[in-house]
1. Please note which helices (runs of 4 or more DSSP H) are completely contained in the range 376-417 and include at least 2 residues that are in contact with a strand residue (DSSP E or B) (Cβ under 7 Å, 6 or more places away or on another chain).
2. May I ask you to list the residues in the range 315-346 that are in a helix (DSSP H, G or I) and away from the ligand (no atom under 16 Å from the Cβ)?
3. Is it the case that residue 394 is within 19 Å of residue 233 (Cβ to Cβ) and modelled with pLDDT of 90 or more?
4. Being surrounded by 24 or more Cβ atoms within 10 Å (Cβ to Cβ), at pLDDT below 95, within 16 Å of the ligand (Cβ to nearest atom) and outside any loop (DSSP other than H, G, I, E, B) narrows it down to one of 55, 36, 26, 20, so name that one.
5. For the range 64-73, give me the residue count where each residue is closer than 15 Å to residue 228 by Cα and more than 14 Å from the ligand (Cβ to nearest atom).
6. Go through the range 118-133 residue by residue and tally those that are closer than 26 Å to residue 322 by Cβ and either surrounded by fewer than 18 Cβ atoms within 10 Å (Cβ to Cβ) or within 14 Å of the ligand (Cβ to nearest atom) (or both).
7. How many of the residues in the range 193-228 are over 20 Å from residue 45 (Cα atoms) and either surrounded by fewer than 19 Cβ atoms within 10 Å (Cβ to Cβ) or modelled with pLDDT of 95 or more (or both)?
8. Just wondering, is there one or more residues in the range 373-393 that are away from the ligand (no atom under 12 Å from the Cβ), surrounded by fewer than 23 Cβ atoms within 10 Å (Cβ to Cβ), under 21 Å from residue 72 (Cβ atoms) and under 22 Å from the mean Cα position of the chain (by Cα)?
Ligand code: TRP
């Protein structure tokens, strides 16, 4: 079974794939715009707190469940707890990741379009033109939908054909390249006139801007960025080998993920302040800021700016793809193994459902602006519902299950690879999972709903 399931080639490959799942638009697109809307540095401090206190223990929890069971999320939750009812948490995760894939594909589609537009040199012009370009494109009835569907289809091809190996190999080169390129763009962006205000915004906390919902937003962003709370990590961990050090892997991935997010912030804000883009412009933030950076920072060498722009969008598309693959894989593994249908057919179920969600979300921020739920556009609603309700809920239930309904010995054996690694940290982790994580998530929920 394990071999038939495992489309992942090597040990290092699966860890890379997990890092690839974490690093994506969550870091480069969502993190900057959330930071911009929530007061800059203060938000980042809360975010890092959430990563350390809730994110890393949460990641380890999903790793433990997945590697223990070596099967899809639904079955894994049942296996480790010995109770079928807990399988519902697996189902919740599969549902959540399907919805996320739906709206994520909209933004991934925008990136794909920007890649082609930058090759064609269409993103050249002053700040007004760049803003206008995004407005015109994103409110078109057809184009953004088609780009979004194209992205879901590319993901489908990779997942259904099981060509993950190629993706793994590519990510070995492309992920470090993304990191290097980010550093280059950060430097360029910080050298723009007036960039200091952006750096100040990112590094000097102003707690007066922190509203009562910021904590939940930081929590949601931390979970979203680590791919936590949907059994996605659990599904990937089911392909890990027996001697993978779960704690160390979780810490490495969380560190990499956080570094990339902060670099993305340092890339966007100095430039945004320099060209006068409002830091709280929301989801459009990176799309209306970056083309300016590529032109203005390299105005003396337009060819360099042109090439860096193309490279950047290409790498962003790749980073988004390694994330969408992971969301697609959760459902595909489930349908394939539980409905006993072929992997390809299983993948199609997901592709069709996600494409429909993607089109509706895309229309809701563009051509059909009355596609609203509870006052939010469908796209914002899906984002809010998943990041601020479903992900924390998934992580809360996972923690409660492990902390209170699974034998401590099973957890110890799994986390420490039968007593060979990370032994010293087991008690700390177990404490977090049993008390700290559930309590904090509950408190944050209660705070959000005004109870405390
Ligand atoms: N973490 C990814 C990013 O930052 C997005 C992602 C991939 C995700 N798989 C997930 C988010 C599962 C939540 C759940 O872009």
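The values are calculated or read from the model by the stated rules, or taken from the named source; none is laboratory data. Quick caveat, the model's predicted, so the values are computed rather than measured. Every residue, glycine as well, gets a Cβ built from its backbone with ideal geometry; the counts of neighbours run over all protein chains shown.
1. Numbers: elements: 378-385, 391-405, 408-415.
In the range 376-417, the matching helices (runs of 4 or more DSSP H) lie at 378-385.
2. Step one: filter the range 315-346 for residues in a helix (DSSP H, G or I), giving 315-338, 343-346.
Passing the criteria: 335, 336, 337, 338, 343, 344, 345, 346.
3. Values: within 19 Å of residue 233 (Cβ to Cβ): yes; modelled with pLDDT of 90 or more: yes.
When the stated conditions are applied, residue 394 passes them.
4. Details: 55 fails: at pLDDT below 95; 36 fails: within 16 Å of the ligand (Cβ to nearest atom); 26 fails: at pLDDT below 95.
The unique qualifying residue is 20.
5. Filtering the range 64-73 down to residues closer than 15 Å to residue 228 by Cα leaves 64-66, 73.
Narrowing further to those that are more than 14 Å from the ligand (Cβ to nearest atom): 64-65.
Here the count works out to 2.
6. The qualifying residues number 2.
7. Let us first name the residues in the range 193-228 that are over 20 Å from residue 45 (Cα atoms), namely 193-195.
Adding the requirement that they be either surrounded by fewer than 19 Cβ atoms within 10 Å (Cβ to Cβ) or modelled with pLDDT of 95 or more (or both) leaves 193-194.
The qualifying residues number 2.
8. The answer is yes, given that some residue of the range 373-393 is away from the ligand (no atom under 12 Å from the Cβ), surrounded by fewer than 23 Cβ atoms within 10 Å (Cβ to Cβ), under 21 Å from residue 72 (Cβ atoms) and under 22 Å from the mean Cα position of the chain (by Cα).
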